[in-house]
Each structure stands twice: as structure tokens, then as C-alpha cells.
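Since the structure comes first, as C-alpha cells, the remarks are kept for the end.
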Amino acid sequence: MSDTTYDYVKGEATKAYDTTKLSKWTRQFVYLKPDIFVIFDNVITTSSGYQKKWNVVPATLPVDQGGGILKIANGAGALWIKKLLPVSATVTFSSSQISVVPNSPGTQDFFLHVMQAVDSNKGAKQVIANDATVVVEADGFLVNVGSYKMRFSKDGGFEFIDGRPKTP
């Protein structure tokens, strides 16, 4: 899906993994133009004993901003990453890897991150992604990023809700 506000794509990568360990892996990617990215992963394993991990390879050492937010500054640009899901997770990072591992083992885990690319001189108050929130619903997740809202369902659906005020 695409319009002047956002682009959306969903990918299925289950068959790229060992099917005796992984039953499903999908990634949904929303690009809020011009500089915000929302990544939603749904991972289902065949046993709760298999650890699931969300990884990013940063260009340089991230800086922990608190509140589940990391900032990766590199030259004139910076990428701010806010973890929304899993709510309870262990986050480790170095100059070569950012890893998010759920604290509670289960067969299904959701990973939800909001990223924003900005000039490196921007402060936290100028980064919309920092204020992103998620509301856990019975069948999915309602994500708020600035004035935009979107819903990811646990069964793989997506709905963009344009929360901007309408002009008369």
C-alpha cells in the first residue's frame, strides 16, 4: 500500500528458516514520510525453548537515551530507535549489534520498533519517534506515532488510521 503519507509492505520469511524450529516469521514495515519507520515482526517457534532475538547492526556505538530509546549518531545524521514490544525484554548493544530478547519464553513473540532518521544535532524533543506508544489490544496492537495511528493485528492484518486533524 502506498499514498503520499506512508508506504507499507509485508514480508513472509518463514521458509528461510528451519521449519522444525520456526513456524512463522513475518515483518511489516511502514514508512511514514519523510523520515519515520515502523517495524513489526511476528515470530512463532515450535517450542518456547527456542530463543527469539531482534537484531540491528548499527553504524557506530548507540547511546542509551532511556525509556527504551537508543540513538545512533554517525556524521551529520542520527537514527533514533524506540522499542515498543516486547514490553519486557533485555536490550544489549555494542558498536556491532543491537539485540532485543524477550524476558519471558513463549512460542510467539512480537517485536515492534519505531525509528526516525534526523540530523545529528536534533535533540530528543525534536524526535517524534521518541513519543511513540503502543496499546495492547485483544487481537493486536494500536501504535501512535505523532498524529498517526496504525493497527497491527496478531493474525497479520494492518490498518492505517490517519489521525491528523481534518481541515475544513
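The values are calculated or read from the model by the stated rules, or taken from the named source; none is laboratory data. What you see is a predicted model, and the numbers here were worked out from it, not measured in a lab. Every residue, glycine among them, receives a Cβ derived from its backbone with ideal geometry; neighbour counts consider all protein chains shown.
Couple of notes before you dig in:
- Of the residues contained in region 107-126, none is found to be among the aliphatic types (A, V, I, L, M) and loosely packed, with under 13 Cβ neighbours inside 10 Å.
- Any hit, region 135-143, residues being in contact with a helix residue (DSSP H, G or I) (Cβ under 6 Å, 6 or more places away or on another chain) and either modelled with pLDDT of 95 or more or within 22 Å of Lys10 (Cα to Cα) (or both): no
- Selection within region 80-99 - closer than 20 Å to Met150 by Cβ and either out of contact with any helix residue (DSSP H, G or I) (no Cβ under 6 Å at 6 or more places or on another chain) or loosely packed, with under 14 Cβ neighbours inside 10 Å (or both): Ile81, Lys83, Leu84, Leu85, Pro86, Val87
Table: residues versus (1) among the small types (Gly, Ala, Ser); (2) touching a strand residue (DSSP E or B) at 6+ places or on another chain (Cβ under 8 Å); (3) within 26 Å of Asn103 (Cα to Cα).
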position	(1), (2), (3)
Thr5	no, yes, no
Tyr8	no, yes, no
Ala13	yes, yes, yes
Lys24	no, yes, yes
Gln28	no, yes, yes
Phe37	no, yes, yes
Gly49	yes, no, yes
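- Verdict on Asp109 being out of contact with any Leu (no Cβ under 9 Å at 6 or more places or on another chain), among the charged types (D, E, K, R) and closer than 24 Å to Tyr8 by Cα: no
- Of all residues in region 15-40 being surrounded by fewer than 14 Cβ atoms within 10 Å (Cβ to Cβ) and either of a type in the set (Val, Ile, Thr) or in contact with a Cys (Cβ under 7 Å, 6 or more places away or on another chain) (or both), the one that is nearest to Asp155 (Cα to Cα): Thr19
- Scanning region 108-165 for residues that are within 30 Å of Lys21 (Cα to Cα), part of a strand (DSSP E or B) and out of contact with any Lys or Arg (no Cβ under 6 Å at 6 or more places or on another chain) yields a total of 14.
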